[in-house]
Amino acid sequence: METNPILIFIAAVFPHNIALTYILGMCPLIAISKSLKTAFGMGVSVVFVVTSTAIINWLVYNLLLVPFKAEILSYVVFIIMIAASVQLLEMILERFFPALQAVFGIFLPLITVNCIVLAVSLFMVLRKYDFVTTIFFALGSSVGWMLAIVTVAAIRGRLALVSDVPKGLMGAGITMVILGILSLAFMGFAGMVRIQ
Amino acid sequence: MARLLKVFYTRAGRIIINGLWKDNPIFCMVLGICSSLAITNRLENGLAMGAGVTFVLVFSSLFVSLLRKVIPPRARMIAYMVLIATFVICVDQILKAYFPDISKSMGPYVGLIITNCIIMGRAEAFAIKNGPIYSVLDALACGIGYSMTLIILSLVRELLAFGTLAGIKVMPSGWENWVVMASAPGGFMVLAVYLWVMRSLARIQPSKTDV
């Protein structure tokens, strides 16, 4: 099992890509991948939220829940921390960076129910990562997710121009086909770095 | 027959038909894809996930509906989250106590029922506006519609990937296991075909902006 933070980062981006091997964060991947620009905006917001909530949740879990033997509450605590920090982030952006708020503001409420935010916190507990590893893992997972959504959006943009997709396969169906081919390609990275 | 047809046009009948077919969570609203793909490589996991989601869906809809006059509109998301997370903890503990193998193979995906958009979606779209009886009915119909999809997907994938059904070998001895079906690419492809078939059958019109 690998413990070097840099290798964990690489593993989380390529061979253990959270979207293409663990199949997480699919709802926004289907709904927001129609244009490259919005996909990129969503990706950047996710990187920011995932990394900051992973740090907060690591601190809460290891400094509060473990000493008081309250691990059973971790689901409730994690989800509340995620919802609260997204809300806080929205308020900070609104107050101090209105230009950024105009670009990323619409994505923030959606991120609360994005499974990858919670998934990163759950993986971190399950694999018993330390603080530094958690940061790199969270960063890697979210960058990997961003890579997936930007790639899918680019492919869908091209597809809209040239292809003749069957009616029943339009929208979600063809996105699934794209994702299937992409994840086949990403299987080629398997064995590059091993994490649990 | 006439009496049967009449049932379709009562409110309860319509709610059930919508949940199972017209508003089916997976092939119409395309919600809850993550869990439906990640764990459906074996039938028992599909069944456990379907039952878990249905349980959480029914109880969170019931409580959201009972509390709908008390929950302040601005804080409703947090209220849903806390209710849903509480019932997911129940499911997690039950699985850990009685089905440790399934619990282990599902790993973090049990906890991820919390962020399954279907549950939040039903709370926001139905339970917050309707009485408890109809809310439970709606949740049950949606849960069964969702479980139905999970069972179909896991049947196909287990058969192709391992040549077994619920652990019993059914394929002839010359069968070569199609291992990729058990991992992510197989899941995506099977779901793509399923969506294609079901959306053509249900005659869902794609929106104009769809590719």
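The values are calculated or read from the model by the stated rules, or taken from the named source; none is laboratory data. All of these numbers come straight from a predicted model, not from anything done at the bench. Note: ideal-geometry Cβ built from the backbone for every residue, glycine included; neighbour counts use all protein chains shown.
I need the full set of residues from segment B:127-179 which are of a type outside the set (G, A, S), part of a helix (DSSP H, G or I) and at pLDDT below 85, in order please.
B:F162, B:V179
If I ask for residues that are surrounded by 13 or more Cβ atoms within 10 Å (Cβ to Cβ), among the charged types (D, E, K, R) and away from chain B (no Cβ under 13 Å), which ones from segment A:87-106 would you list?
The answer is A:E94, and nothing else.
With (1) surrounded by fewer than 18 Cβ atoms within 10 Å (Cβ to Cβ); (2) without any contact (Cβ under 8 Å) to a residue 60 or more places away in the chain; (3) over 17 Å from the mean Cα position of the chain (by Cα) as the list, and A:F131 as the residue in question, which single condition is left unmet?
In the conditions (1) surrounded by fewer than 18 Cβ atoms within 10 Å (Cβ to Cβ); (2) without any contact (Cβ under 8 Å) to a residue 60 or more places away in the chain; (3) over 17 Å from the mean Cα position of the chain (by Cα), A:F131 misses (2) alone.
Of everything in segment A:151-196 that's of a type in the set (S, T, Y) and surrounded by 14 or more Cβ atoms within 10 Å (Cβ to Cβ), which residue is farthest from B:V197 (Cα to Cα)?
For segment A:151-196, the residue satisfying everything is A:T151.
Of the residues that sit in segment B:100-117 and are without any contact (Cβ under 8 Å) to a residue 40 or more places away in the chain and more than 10 Å from chain A (Cβ to nearest Cβ), which one is nearest to the chain's Cα centre (by Cα)?
Ranking the qualifying residues of segment B:100-117, first place goes to B:S103.
Which of the residues belonging to segment B:47-80 are in contact (Cβ under 8 Å) with a residue 40 or more places away in the chain and small (G, A, S)?
Answer for segment B:47-80, where residues must be in contact (Cβ under 8 Å) with a residue 40 or more places away in the chain and small (G, A, S): B:A48, B:G50, B:A51, B:G52, B:S60, B:S61, B:S65.
Select from segment A:14-43 the residues that are of a type in the set (A, V, I, L, M, F, W, C), surrounded by fewer than 22 Cβ atoms within 10 Å (Cβ to Cβ) and under 18 Å from A:F136 (Cβ atoms) and list them in ascending order.
The answer is A:F14, and nothing else.
Hey, could you check segment B:60-93 for residues that are in a helix (DSSP H, G or I), more than 13 Å from chain A (Cβ to nearest Cβ) and hydrophobic (A, V, I, L, M, F, W, C) and say which is nearest to A:A83 (Cα to Cα)?
That would be B:V64.
What are the residue pairs meeting all of these: first residue in segment B:118-132, first residue over 12 Å from B:Y80 (Cα atoms), second residue among the acidic types (D, E) and in a helix (DSSP H, G or I), Cβ atoms under 7 Å, and 6 or more apart or on different chains?
B:F126/B:D138
For segment A:61-86, which positions are surrounded by fewer than 19 Cβ atoms within 10 Å (Cβ to Cβ), within 12 Å of chain B (Cβ to nearest Cβ) and aromatic (F, W, Y)?
Scanning segment A:61-86 gives no hits.
With the checklist (1) within 13 Å of chain A (Cβ to nearest Cβ); (2) in a helix (DSSP H, G or I); (3) within 19 Å of A:C115 (Cα to Cα) in hand, flag the one item B:L57 doesn't pass.
Of the numbered conditions (1) within 13 Å of chain A (Cβ to nearest Cβ); (2) in a helix (DSSP H, G or I); (3) within 19 Å of A:C115 (Cα to Cα), the odd one out for B:L57 is (1).
Considering B:I114, B:I15, which residue is crowded, with 23+ Cβ neighbours inside 10 Å and either touching a strand residue (DSSP E or B) at 6+ places or on another chain (Cβ under 6 Å) or not small (G, A, S) (or both)?
B:I114
Looking at A:F97, A:F123, A:F131, A:F107, which is the one that is touching a Pro at 6+ places or on another chain (Cβ under 7 Å) and of a type in the set (F, W, Y)?
Only one candidate passes the filter, namely A:F123.
Somewhere in segment A:109-124, is a residue touching an Asp or Glu at 6+ places or on another chain (Cβ under 8 Å) and either assigned to a helix (DSSP H, G or I) or of a type outside the set (D, E) (or both)?
There is at least one residue in segment A:109-124 that is touching an Asp or Glu at 6+ places or on another chain (Cβ under 8 Å) and either assigned to a helix (DSSP H, G or I) or of a type outside the set (D, E) (or both).
Do any residues in segment A:6-33 that are modelled with pLDDT under 85 and among the hydroxyl-bearing types (S, T, Y) have Cβ atoms under 7 Å from those of residues that are in a helix (DSSP H, G or I) and crowded, with 21+ Cβ neighbours inside 10 Å, where the two are at least six apart or on different chains, and which pairs are they?
Once the first residue is modelled with pLDDT under 85 and among the hydroxyl-bearing types (S, T, Y) and sits in segment A:6-33, its partners that are in a helix (DSSP H, G or I) and crowded, with 21+ Cβ neighbours inside 10 Å give A:S33/A:A39; A:S33/A:I149; A:S33/A:V152; A:S33/A:A153; A:S33/A:R156; A:S33/A:T175.
Tell me the residue from B:L62, B:L95 that is within 21 Å of the chain's Cα centre (by Cα) and under 23 Å from B:I39 (Cβ atoms), please.
B:L95
Is it the case that some residue within segment B:27-48 is farther than 27 Å from B:P185 by Cβ and crowded, with 24+ Cβ neighbours inside 10 Å?
no
Residues to consider are A:L65, A:L88; find the one that is at pLDDT 85 or above and at negative phi.
A:L65
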